[in-house]
Amino acid sequence: MKKGVLYTCARTFKSREYAEDFLRGNLRFMPLNFYTKLENDSREDEYEGVSSFFQPHLSTF
């Protein structure tokens with residue numbers, strides 16, 4: 001017997017209008033630096049959005 005897989009996506013919105021736009025597929029994407037400036041470097045995860053991270057102390061074989 002195969003087990004079913006359940007995927008869940010949860011999102012909160014400031015208003016019902018924004019939620020309805022989201023359900024209609026109206027999404028807004030901005031460059032990462034827009035959000036960095038918006039949050040004034042107060043992000044919980046300082047590595048959010050990083051595409052590469054150099055770690056010279058780790059050895060790779």
Which residue pairs have Cβ atoms under 7 Å apart, sit 6 or more places apart or on different chains, and have a first residue in the range 25-45 that is surrounded by 10 or more Cβ atoms within 10 Å (Cβ to Cβ) and a second that is modelled with pLDDT under 75 and not charged (D, E, K, R)? L32/G49
What are the residues in the range 26-61 that are at pLDDT 75 or above, within 17 Å of the chain's Cα centre (by Cα) and in a loop (DSSP other than H, G, I, E, B), if any? N26, L27, R28, F29, M30, P31
Six or more apart or on different chains, Cβ atoms under 7 Å: show the pairs whose first residue is in the range 5-23 and in a helix (DSSP H, G or I) and whose second is loosely packed, with under 11 Cβ neighbours inside 10 Å and modelled with pLDDT of 90 or more. none
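The values are calculated or read from the model by the stated rules, or taken from the named source; none is laboratory data. In this text the structure is predicted, and so the values were computed from the model without any measurement. A quick note on method: Cβ atoms are made from the backbone with ideal geometry, for glycine too, and the neighbour counts reach across all protein chains shown.
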